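What follows is one structure encoded as structure tokens, with my remarks underneath.
The values are calculated or read from the model by the stated rules, or taken from the named source; none is laboratory data. This one's a predicted model, so the numbers in the text were calculated from it and none came from an experiment. As a convention, Cβ positions derive from the backbone with ideal geometry for all residues, glycine included, and neighbour counts pool all protein chains shown. Please note that ligands, DNA and RNA were not included when accessible areas were found on the heavy atoms of the full protein model with its side chains. Shrake-Rupley method; radii C 1.70, N 1.55, O 1.52, S 1.80 Å.
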Amino acid sequence: MATTNLSAYDKTTIPNASNLRFGIVVSEWNESITENLFQGAFDTLLEHGAKPENIIRWNVPGSFELIFGCKKMIETQSLDAIIAIGNIIQGETKHFDFICDGVTHGIKDLNLQFATPTIYCVLTDFTMQQSIDRSGGKHGNKGVECAIAAIKMATLK
Ligand code: DLZ
């Protein structure tokens, strides 16, 4: 089955984001990928009316720290939605599985604990090429997909 293009969506169905405040927490691991994800998300929020001053960015060392970074940002900033950006690539050990599991459950827990939706913009890939393909490459940019999810969840009724 072909992978969906992560940047494809119907622009006419997206609510205006001009009155919304977003947080973006970016993991520094595999920085070339996470920067592309950030840029895709940031540009998409702007395209739908968000103001640059209403998009707060924090960096954290790795994907595992996204959980605490998002929690602290939700508690201290007044946000309508937050996007957690990371990229985990499989290595030779089970570390990949533990980090993927921990981050996924951690972000799920944030969504249960807080009224602010946390969007899961974490690429979990077997190879760097797969991550390149999904961060502005042939399968689009997951940052774009997640910015749209953030706007939709911030305006959920
Ligand atoms: C340690 C580690 C490894 C091996 N791989 C990745 C990765 O592919 N992607 C990622 O975001 N972070 C990785 N980390 C770092 C962990 O997320 C975390 O920062 C450290 O274990 C410290 O808690």
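Listed values, structure above:
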quantity	calculated
Extreme residue, surrounded by the fewest Cβ atoms within 10 Å (Cβ to Cβ), among residues of region 125-141 that are more than 20 Å from Thr104 (Cβ to Cβ) and among the small types (Gly, Ala, Ser)	Gly137
Residue ID - nearest to the ligand (Cβ to nearest atom), chosen from residues in region 22-39 that are open to solvent by 10 Å² or more (accessible area, probe 1.4 Å) and touching a helix residue (DSSP H, G or I) at 6+ places or on another chain (Cβ under 9 Å)	Trp29
Qualifying positions in region 73-87 - within 10 Å of the ligand (Cβ to nearest atom) and among the hydrophobic types (A, V, I, L, M, F, W, C)	Ile85
Qualifying residues in region 88-105 (those that are under 17 Å from Pro61 (Cβ atoms) and open to solvent by 60 Å² or more (accessible area, probe 1.4 Å)) - the one farthest from the ligand (Cβ to nearest atom)	Phe98
Residue match in region 45-62 (condition: within 15 Å of the ligand (Cβ to nearest atom) and open to solvent by less than 20 Å² (accessible area, probe 1.4 Å))	yes
